[in-house]
Amino acid sequence: MNVMRNSDPRLHYLTPLKQTPFHPRTAAENRLNDWGPWAGYTTALSFGDTAMEHSAIRNGASVYDLCPMVKYRVTGRDAAAYLDRLTVRNASKLSVGGVHYTIWCDDAGKVIDDGTLFRLGQTDYRICCQERHLPWLLDSAIGFEVYIREETEDVAALSLQGPCAWSVLNAAGFDVADLKPFRMRSFPFDGGELMISRTGFTGDLGYELWTTPAHAIALWDHLFAAGAPWGIRPIGTHALDIARIEAGFIITNMDFIPVDQAVREDRARSPFELGLEWMVDFDKGHFTGRRALLKEKVNKSSKWALVGLDIDGNVSVEGSIIYHNGKTEVGTVTAACWSPSAKRNVALAQIRRPYHETGNLFVEVYALRELQYAKLMLPARMCERPFFAPPRRRATPPGPF
Amino acid sequence: MNYDAVIVGAGHNGLVAACYLARAGQKVCVVEKNDWIGGAAVSRELYPGFTYSNCSYVASLFRPEIMRDLELPKFGLQILPYEGGAVFMENGDYLGMHRDHDANRREFARHSKRDAEAYDRYSRDVLRHCRFIRPMLLRTAPDPSSFRPRDLSELAWLGKQMFGLSEAAMYDMIRFWTMSISDFLDEYFEHPTVKAYQAVASIIGTALGPMSPGTAYVLLHHAMGDVDGNVGAWGFARGGMGSITKALKASLEAAGGEVRAGNGIEKILIKNGRAIGVAMENGDEVHGKRVVSNMDVKRTFLKHVDEGELPGDFVKRVKAFKIRGSSGKLNIALDKAPVFTALPPNSPHMKGDMHFTDSIEKMERAYDDWKAGHYSADPFQDMMIPTMIDPTMTPPGKHFMSCFVQYAPPKVEGQDWTDADRDGFAKACLDQIEKYAPGFKNSILHVEVRTPRELEKEVGLTEGNIFQGELTFDQLLFNRPVPGCAQYRSPIKDLWICGSSTHPGGGVMGAPGRNAASEILRDLRAPTKDMSEAYAVL
């Protein structure tokens, strides 16, 4: 049957969730068989102990399988001009070997998705994102000499994060001492190529490692051998989620609904409403959504704000309703946790303006304790993100932290 | 015996109306011309051991509010969601359908990577339109020319729905309600077979082709239903579609209602401008304080009411009501499951709807034949094998196959259908299946062939139109069936209509019957405590 599955492309439905190129290793490590679907792949939610996995992110070195991230390659003479038109940031200014976090909007200035843009060459970029956009990317390419290819399955990637991430790479023979945040560098590896970027989703010192599926297993084995002295361990999505909340990062379809999937029109959000206005470059020339965003900026017509909250007590507040003055509903918590790193009870939330400025916010929580709910109305304060930001995340060269 | 209401026709809408009236304490009697009940939601055993879904064959639109109000599960109704589906392609491949999002995307990607990633936006847009229309299903359409407070408030409600949309969404809505499905799909997809599959729901039951304006709305009519909250999903009624009307009959009888089958009506009795009952074909009369017709609007007023009783303008409008027949049906008892050469062994695709029309152009060609007055030489078929899921309809290992076929004109080149026409029509369908499943014909035990001729004669649907009138925008809402007559009433006092000719239209939905009962009870100032409002669309 296996032979048939491999040879007959029609039989994809027998395994609707694909396995990543690292699956032989992650499956062996997943002691509790704790899997979940992510973008059409089977991915580890935890390998057995989320607290220990989170601890590895902040204490030693952690490895997360990034393969399901959707990837598009953009090449051709007009690649930079195209991306300037597509995204809100200045893609021409991004130098070769650089990476930036970016978003793209529809014509009404509502966010379609966020992602990271890698400039691999003068006319060669890669977009990494959460959702799928081929029709939008192709339609946006009308009038540009540009080639767009969906290459999700052609890339195998791991995220190596933690204070000892640099030490592990050093021991693995990759010299990245002078690699600054949001820069990347290639190394020969296993007869192929390994690209290492100083990027990540934990707000800590960390790197992402990119190769082709053929070298995936070799990469895993090499990293784990080199990282043993630093307690390198695989982590699942639950541990990563805590780290990303501590870092204040948002996820499409968790912290906001992408406009092209928003069945309810009022769920769409602009960059201003997601706290992403800092990246909108109004001076670079026209881009999709620019007119609407300029109007929103001038008229101050944004309706929502995405904010960080610090909540009294230690009861985590996932999915809660936010009230002003304990009475008026003003928003929803989109992500929350007790932060083990910051020792604070934190949350990301969408709040209806102007309540993001008024203070006097409360979060309503139903805490289930042995089959009875404690109903809590907890005071919450707006606060800066990230909630946890160790200086090591930016130190160049990094030390043996 | 003088009933409170005599209902003409034991189809699903007639029975739904009867159930609600009976539960409100009304003495009701349903009269039915056939020896069996069900109208177009009917299951008969035409071959020993095989139960058919003789007309309608899938369920999605039947309102869950009605199933619950009338306790239909208690009376035996079970709706089973189905999976799968496929379009067989001329080149020997197929496009399969999957309930799983990732499997569906990969299947689309086999044919077009772009289309695979276009599906999310497409389904968002269709769902947006569904959300707009769903709250209207269980409401009486307002009369825009009336100044009665209720019509004004309903118009205001409708306006609020409309103006609750953004400007862009409003434009989309107006375009969508009037455009062709072919144009609509071109905005999302590139692959002909992907488009052909999506277009299916927009031509079914409609005497229009996929390139005709107005067909996009028909898609919505098929997408706005749900199976247990899964909007757009379809299912089978366990035991065949007749289970729906069987459960309704049992619910009606439990509420004290009566069904008299096997005797059709000759005419609706009218005295001093009021309907007072019906005269039966066998000479009996059944009297009631009101008559509620489940028959289509043409059959009701042009065949069973003296024209002299009606305003001339009304008669003219009823005559002009579009109710053109476009479809036929083959019900097939099979000795064994067919083997489709395109499908992998044990394919889940056979559990859903299967088609042989792999492009919009081919579908339009089939419609061209209809325009010329012929049945389609290369027909479009919506083929199902419910017994892939439902174990109750045939002996184990045997199968029931339901083939809905377009196009079949109400008359063949202007002449009535002959038996030879019927056989030619069936042959075109069976040959088409045989082409994709060699040997299929050898496993046929029995075929029931229904052209518009049989549908009109047996089920009573004028011209064989399955929706009791086309679902084009000019015949919807306050224009259904005719302007000024969209609130289940007629120009004749105490004569009501409750079939699919009325808002919100056809399909096994039950909403027209429920809404008609609601209006009758409102007139009677009787309580409607057993009638739920439409579930909120959050």
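The values are calculated or read from the model by the stated rules, or taken from the named source; none is laboratory data. Computed from a prediction, not measured in an experiment: that's the story for all the values here. Please note: Cβ atoms are built from the backbone with ideal geometry, for glycine as well, and neighbour counts cover all protein chains shown. These area figures cover heavy atoms from the full protein model, side chains too; ligands, DNA and RNA do not enter into them. Shrake-Rupley method; radii C 1.70, N 1.55, O 1.52, S 1.80 Å.
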Looking only at segment B:278-304, which residues are open to solvent by less than 10 Å² (accessible area, probe 1.4 Å) and in a loop (DSSP other than H, G, I, E, B)?
B:ASP296
Tell me the strands (runs of 3 or more DSSP E) entirely within segment A:156-261 that contain at least 1 residues that are of a type in the set (Phe, Trp, Tyr).
A:184-189, A:206-211
Restricting to segment A:197-219, name every residue that is open to solvent by 10 Å² or more (accessible area, probe 1.4 Å), farther than 26 Å from A:PRO391 by Cβ and in contact with a Ser or Thr (Cβ under 9 Å, 6 or more places away or on another chain).
A:TRP210, A:PRO213, A:ALA218
Just wondering, is there one or more residues in segment A:346-359 that are in a loop (DSSP other than H, G, I, E, B) and touching a Ser or Thr at 6+ places or on another chain (Cβ under 9 Å)?
yes
Output the number of the condition that B:GLY484 fails; it satisfies all remaining conditions of (1) under 20 Å from B:ASP151 (Cα atoms); (2) assigned to a strand (DSSP E or B).
(2)
When you check A:THR20 against the structure, is it within 13 Å of chain B (Cβ to nearest Cβ), open to solvent by less than 30 Å² (accessible area, probe 1.4 Å) and touching a strand residue (DSSP E or B) at 6+ places or on another chain (Cβ under 7 Å), yes or no?
no
Return the only residue of A:ALA44, A:ALA79, A:ALA27, A:ALA91 being more than 30 Å from B:ARG110 (Cβ to Cβ) and more than 14 Å from chain B (Cβ to nearest Cβ).
A:ALA91
Could you please let me know if A:ARG85 is more than 14 Å from chain B (Cβ to nearest Cβ), open to solvent by 60 Å² or more (accessible area, probe 1.4 Å) and under 24 Å from A:LEU274 (Cβ atoms)?
yes
Considering only segment B:161-177, I want to know if a residue exists there that is away from every other protein chain (no Cβ under 14 Å), under 28 Å from B:GLY510 (Cβ atoms) and among the aliphatic types (A, V, I, L, M).
no
Of the residues in segment A:356-368, those that are over 29 Å from the mean Cα position of the chain (by Cα) and open to solvent by 80 Å² or more (accessible area, probe 1.4 Å) come to A:LEU368
Of all the residues that make up segment B:95-115, how many are over 30 Å from the mean Cα position of the chain (by Cα) and more than 7 Å from chain A (Cβ to nearest Cβ)?
3
Given the criterion open to solvent by less than 10 Å² (accessible area, probe 1.4 Å), under 16 Å from the mean Cα position of the chain (by Cα) and polar (S, T, N, Q), identify the matching residue among B:SER202, B:SER243.
B:SER202
Working only within segment A:174-199, note down all residues that are touching a residue at least 24 places away in the same chain (Cβ under 8 Å) and in contact with an Asp or Glu (Cβ under 6 Å, 6 or more places away or on another chain).
A:SER197, A:THR199
Selection count where residues are aliphatic (A, V, I, L, M) and over 27 Å from B:ASN104 (Cα atoms), scope segment B:68-84:
3
Quick one: what pairs do we get from segment B:335-356, first residue more than 13 Å from chain A (Cβ to nearest Cβ), second among the small types (Gly, Ala, Ser) and assigned to a loop (DSSP other than H, G, I, E, B), C-beta under 6 Å, 6+ apart or different chains?
B:PRO338/B:ALA437; B:VAL339/B:ALA437; B:ASP353/B:GLY85
Members of segment A:323-355 found to be open to solvent by less than 40 Å² (accessible area, probe 1.4 Å), over 25 Å from the mean Cα position of the chain (by Cα) and either closer than 26 Å to A:LEU240 by Cβ or modelled with pLDDT of 95 or more (or both), listed by number:
A:TYR323, A:HIS324, A:VAL330
Sole miss for A:ILE57 among (1) part of a helix (DSSP H, G or I); (2) within 30 Å of A:GLU246 (Cβ to Cβ); (3) open to solvent by 60 Å² or more (accessible area, probe 1.4 Å) is condition (3)
Identify the single condition in (1) in the same structural domain as A:PHE224 (by TED's automatic domain parsing); (2) within 20 Å of the chain's Cα centre (by Cα); (3) part of a helix (DSSP H, G or I) that A:VAL63 does not satisfy, given that it satisfies every other one.
(3)
Conditions first: (1) farther than 29 Å from A:TRP220 by Cβ; (2) within 11 Å of chain B (Cβ to nearest Cβ). A:VAL146 passes all but one, so which condition is the exception?
(2)
Can you tell which of B:LYS74, B:LYS33 is closer than 23 Å to B:GLY205 by Cβ and either within 23 Å of the chain's Cα centre (by Cα) or away from chain A (no Cβ under 14 Å) (or both)?
B:LYS33
Of the listed residues (B:ARG324, B:ARG260, B:ARG317), the one being part of a helix (DSSP H, G or I), modelled with pLDDT of 95 or more and open to solvent by 60 Å² or more (accessible area, probe 1.4 Å) is B:ARG317
For segment B:523-532, does any single residue satisfy the condition of being within 28 Å of B:MET173 (Cβ to Cβ), open to solvent by 10 Å² or more (accessible area, probe 1.4 Å) and not aliphatic (A, V, I, L, M)?
yes
Filter result (small (Gly, Ala, Ser) and open to solvent by 30 Å² or more (accessible area, probe 1.4 Å)) within segment B:111-139:
B:SER123
Test: B:ALA516 is farther than 20 Å from B:ALA207 by Cβ and surrounded by fewer than 17 Cβ atoms within 10 Å (Cβ to Cβ):
no
Those residues of segment A:276-327 that are over 30 Å from A:ARG85 (Cα atoms), part of a loop (DSSP other than H, G, I, E, B) and β-branched (Val, Ile, Thr) come to a total of 2
Name every residue in segment B:468-479 that is buried (at least 23 other Cβ atoms within 10 Å of the Cβ) and under 19 Å from B:GLY159 (Cβ atoms), in order of residue number.
none
Test for B:ARG128: is it within 9 Å of another protein chain (Cβ to nearest Cβ) and free of Cβ contacts under 8 Å to residues at least 60 places away in the same chain:
yes
Residue check: is A:TYR64 more than 16 Å from A:CYS128 (Cβ to Cβ), out of contact with any His (no Cβ under 9 Å at 6 or more places or on another chain) and either more than 14 Å from chain B (Cβ to nearest Cβ) or of a type in the set (Ser, Thr, Tyr) (or both)?
no
